[in-house]
Every structure is written in C-alpha cells, then in structure tokens.
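Take a look at the following structure, please.
Taken together, the values in this text are just the output of simple stated rules run on the coordinates, not laboratory data. Everything quoted here is computed from the prediction, not taken from an experiment.
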Amino acid sequence: MLTLLSLMVITGVCLFLALRQKKPIFLAVPFLSIFAYFLVQIILVPAPFMETVKFIFSLR
C-alpha cells in the first residue's frame, strides 16, 4: 500500500511540475519509477535473473 501511495505522489508531483514549468521531461519520471520498482521486484526473486525474466514472459 505504501508503494502505491508513493507512486501516486511521484506521479502527482511530476504532473504538477510538468504543467507548471512546461517541461514534458517530468512526465517520464513516473514511468521510470514504475520500471525501477518492477526491476527491483524481479531482482528480489531468489532464482537467477534471466530465468525469472523468461518465466515471467512465458506465462500465458
């Protein structure tokens, strides 16, 4: 729940900054933070990294 709340805060702050300063680069920050969270969760799996990635993308 804390992760969801922090991602929502990051998104809100970046949206505010992007609209306020007219710099669209701030809109990339929420996507990068979600990607970083996804990557950390994969790394925390005790199996080897590439096997974990192959397993995730082979699920149907």
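Grab the DSSP H runs of the chain that are 4 residues or longer, score each as -39,500 (n - 2.57), total them, divide by all residues and round the 222 nm result to the nearest 500 deg cm²/dmol.
Computed ellipticity for the chain at 222 nm equals -25000 deg cm²/dmol.
Related question: Name the residue, out of I42, I25, I34, whose mean-square fluctuation peaks in a Gaussian network model built on the chain with Cα pairs under 10 Å.
I25
Report Rg/Rh for the chain, rounded to two decimals, where Rg is the Cα radius of gyration and Rh the Kirkwood radius.
1.15
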